[in-house]
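Let me begin by presenting the structure, written as structure tokens, before commenting on it.
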Amino acid sequence: YIFHAPNGVTQIAENIVEPSVFGLSLLSWNVNRSLKLARIVKEKYPDSCIVVGGPEVPDKCEEFLSYHKYIDVAIHKEGE
């Protein structure tokens with residue numbers, strides 16, 4: 001239900017309150033929305049640890065992490 005909220009990712013982000021760790025699975029069907037949500041959460045709560053995992057995380061993720069600076073940990077494949 002998360003990605004089908006009437007007002008989308010923004011509405012979901014409004015319901016997230018001070019997460020210590022915020023994890024998301026990056027799958028082909030949700031990668032753009034998940035990355036947007038991760039960015040919004042990091043901007044709102046900069047001390048939160050943002051963790052992503054799944055098949056859309058590249059095997060060698062240095063470039064991925066340098067492009068998505070709001071992500072703290074990225075785990076390739078089934079790491080989430």
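Values quoted throughout were computed directly from the atomic coordinates according to the rules given, and no laboratory measurement underlies them. Computed from a prediction, not measured in an experiment: that's the story for all the values here. In this analysis, Cβ positions are derived from the backbone assuming ideal geometry, glycine residues included, and neighbour counts consider all displayed protein chains.
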Given charges at beta-carbon only (K, R positive; D, E negative), |dipole| of the chain in Debye: 220 debye
K60 paired with D47, simple spin-label distance in nm, labels 7 Å along Cα-to-beta-carbon: 3.7 nm
Förster radius 30 Å - calculated FRET efficiency between I16 and Y67, Cβ distance, rounded to 0.05: 0.85
Gyration tensor verdict on the chain (Cα atoms; rounded if a/c is under 1.5, prolate if a/b is larger than b/c, oblate otherwise): oblate
